[in-house]
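Throughout, read-outs are computed from the coordinates displayed, never taken from laboratory work. Being a predicted model, the structure only gives us computed values, none of them experimental. We place every Cβ from the backbone using ideal geometry, glycine too, and count neighbours over all the protein chains shown.
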Amino acid sequence: MEKNSIILPEWRRRLLKNHLLIVLIAFELILSLVFFIVSYITRNIYFRGVGVGLLIAWVTNLIAYLFQRKVVKK
């Protein structure tokens, strides 16, 4: 790949290569918050359910990530 790529700049490539799990966990949290906000604005229970599902996935992934870091350190 090019060094000066517009689609995948160097900072984004480095972030995804080194910290992909953290980026995905943060993205799940942000996406769940967006669905919660949309559910309160539209009063749609479907969006709230999606937000709850993403929040459960976020907590599960965070626990797995922390457990992995603890095991790898030992």
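Below is a table of values for the structure above.
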quantity: Residue satisfying condition, being surrounded by fewer than 14 Cβ atoms within 10 Å (Cβ to Cβ) and free of Cβ contacts under 8 Å to residues at least 60 places away in the same chain, within set PHE27, PHE35; calculated: PHE27
quantity: Enumeration of residues in the stretch 13-24 that are surrounded by fewer than 12 Cβ atoms within 10 Å (Cβ to Cβ) and not polar (S, T, N, Q); calculated: ARG14, LYS17, LEU20
quantity: First in the stretch 42-62 and under 13 Å from SER32 (Cα atoms), second anywhere and surrounded by 14 or more Cβ atoms within 10 Å (Cβ to Cβ) and of a type in the set (D, E, K, R), Cβ under 8 Å, 6 or more apart; calculated: LEU54/GLU28; ALA57/GLU28; TRP58/GLU28
quantity: Residue within the stretch 44-61 that is in a helix (DSSP H, G or I), surrounded by 14 or more Cβ atoms within 10 Å (Cβ to Cβ) and polar (S, T, N, Q) present; calculated: yes
quantity: Hey, LEU21 touching a residue at least 40 places away in the same chain (Cβ under 8 Å) and either part of a helix (DSSP H, G or I) or among the charged types (D, E, K, R) (or both) or not; calculated: yes
